[in-house]
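I have placed the structure first, in the form of structure tokens, so that the comments after it can refer back to it.
The values are calculated or read from the model by the stated rules, or taken from the named source; none is laboratory data. Note that the coordinates shown come from a computational prediction; the quantities given were computed from them, not determined experimentally. Here Cβ is always computed from backbone atoms with ideal geometry, including for glycine, and neighbour counts include all displayed protein chains.
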Amino acid sequence: MARWEPNARGRLEEAALDLFAERGFDQTTVEDIATRAGLTKRTFFRYFADKREVLFGGGNQFQALFVDGLAAARATATPIEAVTISLEAVAPFFSDRHEHARRRHAVITANEELHERELVKLASVAAALAAALRERGIQEPTASVTAETAIAVFRTAFERWVAGDGDRELTELVRESLEALRSIAATA
């Protein structure tokens with residue numbers, strides 16, 4: 001086994017995505033993933049608690065992108081301006097990850113348990129955004145409504161992006177989703 005080769009984590013992630021696509025999530029074992037990556041189960045468990053973590057291991061970093069983006073907004077920004085800055089800060093993170101994101105999304109949407117976990121992750125991001133908005137002095141229910149709306153905008157843009165062929169940037173789709181939101185709000 002090629003245990004000495006670099007990027008064990010990345011190799012495990014790619015092996016897992018390949019196997020999840022070929023066999024399905026439930027039919028793939030940690031042993032299968034480690035073997036495909038040319039590593040041992042022990043090495044797998046150095047990086048991931050279980051096979052779900054291959055798909056969700058970056059959750060804290062993902063949440064931090066949103067919160068840090070929001071923190072970069074000027075103090076006088078309206079709640080929607082602040083989350084717009086946050087969304088535009090998150091989108092570039094995915095710029096060179098279209099194929100990986102597309103494959104990951106396909107695995108998650110094909111498995112109810114994983115889909116639920118993805119929704120919980122997004123709810124956690126919304127809660128963190130709402131907390132950050134409250135820290136900026138935004139009162140309830142405005143903070144929570146704005147945060148949930150930001151996640152809906154992100155999710156809509158992201159799903160369009162992964163469904164596409166990668167020729168459009170996620171940032172562009174986020175802006176289109178925000179414009180749709182503005183149009184809806186203007187007619188309300």
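Among the residues that make up segment 23-30, is at least one of them surrounded by 13 or more Cβ atoms within 10 Å (Cβ to Cβ), more than 16 Å from the chain's Cα centre (by Cα) and in a helix (DSSP H, G or I)? Scanning segment 23-30, I find at least one residue that is surrounded by 13 or more Cβ atoms within 10 Å (Cβ to Cβ), more than 16 Å from the chain's Cα centre (by Cα) and in a helix (DSSP H, G or I), so the answer is yes.
Condition first: part of a helix (DSSP H, G or I) and of a type in the set (D, E, K, R). Now tell me which residues in segment 148-165 satisfy that. 148, 155, 159, 160, listed by residue number. Somewhere in segment 140-147, is a residue outside any helix (DSSP H, G or I), of a type in the set (D, E, K, R) and modelled with pLDDT under 95? No; the residues of segment 140-147 include none that is outside any helix (DSSP H, G or I), of a type in the set (D, E, K, R) and modelled with pLDDT under 95.
Among the candidates 62, 45, 66, the residue that is farther than 11 Å from residue 13 by Cα, assigned to a helix (DSSP H, G or I) and at pLDDT below 95 is uniquely 62. Checking every residue in segment 44-63 against the condition of being of a type outside the set (Phe, Trp, Tyr) and over 21 Å from the mean Cα position of the chain (by Cα) gives at least one match.
A single entry from 108, 80 fulfils the requirement of being touching a residue at least 24 places away in the same chain (Cβ under 8 Å), in contact with a His (Cβ under 7 Å, 6 or more places away or on another chain) and part of a helix (DSSP H, G or I): 108. I'd like the residue in segment 1-22 that is of a type outside the set (D, E, K, R) and in contact (Cβ under 8 Å) with a residue 24 or more places away in the chain and, out of all such residues, is surrounded by the most Cβ atoms within 10 Å (Cβ to Cβ). By that ranking, first place goes to 16.
Selection over segment 82-103 of residues that are in contact with a Lys or Arg (Cβ under 8 Å, 6 or more places away or on another chain) and under 15 Å from residue 132 (Cα atoms) gives a count of 1.
Checked against (1) assigned to a helix (DSSP H, G or I); (2) modelled with pLDDT under 95, residue 168 meets all criteria but (1).
Do we find that residue 135 is touching a residue at least 40 places away in the same chain (Cβ under 8 Å), over 25 Å from residue 53 (Cβ atoms) and surrounded by fewer than 17 Cβ atoms within 10 Å (Cβ to Cβ) in this structure? Spelling it out, it is not the case that residue 135 is touching a residue at least 40 places away in the same chain (Cβ under 8 Å), over 25 Å from residue 53 (Cβ atoms) and surrounded by fewer than 17 Cβ atoms within 10 Å (Cβ to Cβ).
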